[in-house]
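Here the structure comes first, spelled out in structure tokens, and everything after it is commentary.
The values are calculated or read from the model by the stated rules, or taken from the named source; none is laboratory data. A quick note: this is a predicted structure, and the numbers were derived from the prediction, not measured. Here the Cβ is made from the backbone with ideal geometry for all residues, glycine too, and neighbour counts use every protein chain on show. For the accessible areas, the whole protein counts, side chains as well, though only heavy atoms, and no ligand, DNA or RNA atoms are used. Shrake-Rupley method; radii C 1.70, N 1.55, O 1.52, S 1.80 Å.
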Amino acid sequence: MKKVLTVLALMLPMMAFSQWRMGVNGGVDLNHYIIDKQFQTDYQFKDRWGLTMGVMGQYDVNDWLGIRAELNWTQKNYKQKRVVYNIMEHRYVNNYLQLPVMASFSFGGEQVRGFVNAGMYGGYWLNSSRKGFDTSTFSERSYDFTEKMEFNNKRDQRWDIGFVGGGGVEYRFARHWAAQVEVRYYYSTTSVQKDYTGFKDPRYHSTLALQAGVWYCF
């Protein structure tokens, strides 16, 4: 009984402070497509900008530690270009639904505070499309195109798991309202391409996001 009372006594300050907050965020991201080109020496893979937005919730255990979960839509785009004779350029748009879960560490004053987030995320590749130009091998004529990409279950890995971290600044502008600006980094540990031919060709996304959000603190 004494042990239970001791634990409760230690938890009381945390219970007195703890509170929920909910909010929305949005911003832009720059995605880097990681690929071993092997013998594709005449191909270049370039970073591309995309959009990110979502809803977020956080449980503040005390004034420096919170547990944050989000549900966001994030684009992980890239460009593929064949530099020899400039005969093709494909610009890919990849839409993902993601669920980051992070520990949020904060520091500073009551109105302006810094914070650092760290955790993991799980995601799902919703859809993909591409546009650009290519050159016919028969007529040697260039043509423009826009098309929706069809998934191949043997080739494409639609589940995505990785690490996420970031940091930023929060400004408490009213009793129940706060605004945040954050720089965030997603590192995928899951290849978007399976070993469907028995030949290893792993490809990963590495995404840097700049986003702003608004919280309502209960």
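Overview of values
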item	result
Filter pass, VAL83 being among the hydrophobic types (A, V, I, L, M, F, W, C), in contact (Cβ under 8 Å) with a residue 60 or more places away in the chain and open to solvent by 30 Å² or more (accessible area, probe 1.4 Å)	no
Members of region 100-115 that are within 17 Å of VAL181 (Cα to Cα), open to solvent by 70 Å² or more (accessible area, probe 1.4 Å) and either touching a Ser or Thr at 6+ places or on another chain (Cβ under 9 Å) or not acidic (Asp, Glu) (or both)	PHE105, PHE107, GLN111, VAL112
Region 51-76 residues that are within 16 Å of VAL116 (Cα to Cα) and open to solvent by less than 40 Å² (accessible area, probe 1.4 Å), paired with ones that are of a type in the set (Gly, Ala, Ser) and part of a strand (DSSP E or B) (beta carbon under 6 Å, 6 or more apart)	MET56/GLY23; GLY57/ALA69; GLN58/GLY66; ASP60/GLY66; GLY66/SER104; ARG68/SER104; GLU70/GLY54
Of residues in region 139-174 being without any contact (Cβ under 8 Å) to a residue 40 or more places away in the chain and part of a strand (DSSP E or B), the one most open to solvent (accessible area, probe 1.4 Å)	TRP159
Selected residue [part of a strand (DSSP E or B) and either open to solvent by 70 Å² or more (accessible area, probe 1.4 Å) or under 28 Å from MET22 (Cα atoms) (or both)] from TYR187, TYR204	TYR187
Given (1) surrounded by 16 or more Cβ atoms within 10 Å (Cβ to Cβ); (2) without any contact (Cβ under 8 Å) to a residue 40 or more places away in the chain, index of the condition LEU97 fails	(1)
Matching residues in region 100-124 - criterion: being touching a residue at least 12 places away in the same chain (Cβ under 8 Å) and either within 30 Å of SER136 (Cα to Cα) or not in a strand (DSSP E or B) (or both)	GLU110, GLN111
Matching residues in region 127-138 - criterion: being within 28 Å of the chain's Cα centre (by Cα) and open to solvent by 70 Å² or more (accessible area, probe 1.4 Å)	LYS131
Restricting region 58-74 to residues that are aromatic (Phe, Trp, Tyr) and under 22 Å from the mean Cα position of the chain (by Cα), the residue that is nearest to GLY123 (Cα to Cα)	TRP73
Any hit, region 27-38, residues being exposed (fewer than 14 other Cβ atoms within 10 Å of the Cβ) and among the basic types (Lys, Arg)	yes
Contacts under 8 angstrom Cβ, first residue in region 194-211 being without any contact (Cβ under 8 Å) to a residue 40 or more places away in the chain, partner assigned to a loop (DSSP other than H, G, I, E, B) and open to solvent by less than 90 Å² (accessible area, probe 1.4 Å), 6 or more apart	ASP195/ASP201
Hits in region 207-218 (condition: touching a Phe, Trp or Tyr at 6+ places or on another chain (Cβ under 6 Å) and surrounded by 15 or more Cβ atoms within 10 Å (Cβ to Cβ))	THR207, LEU208
Filter result (modelled with pLDDT of 95 or more and more than 15 Å from GLU110 (Cβ to Cβ)) within region 197-217	TYR204, HIS205, SER206, THR207, LEU208, ALA209, LEU210, GLN211, ALA212, GLY213, VAL214, TYR216
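Listed here are the residues, each with its yes/no results for (1) at pLDDT 95 or above; (2) of a type in the set (A, V, I, L, M, F, W, C); (3) within 30 Å of MET88 (Cβ to Cβ).
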{"position": "GLY108", "(1), (2), (3)": "yes, no, no"}
{"position": "ALA118", "(1), (2), (3)": "yes, yes, no"}
{"position": "LYS131", "(1), (2), (3)": "yes, no, yes"}
{"position": "ARG158", "(1), (2), (3)": "yes, no, yes"}
{"position": "GLY167", "(1), (2), (3)": "yes, no, no"}
{"position": "GLU182", "(1), (2), (3)": "yes, no, no"}
{"position": "TYR185", "(1), (2), (3)": "yes, no, no"}
{"position": "SER188", "(1), (2), (3)": "yes, no, yes"}
{"position": "ASP195", "(1), (2), (3)": "no, no, yes"}
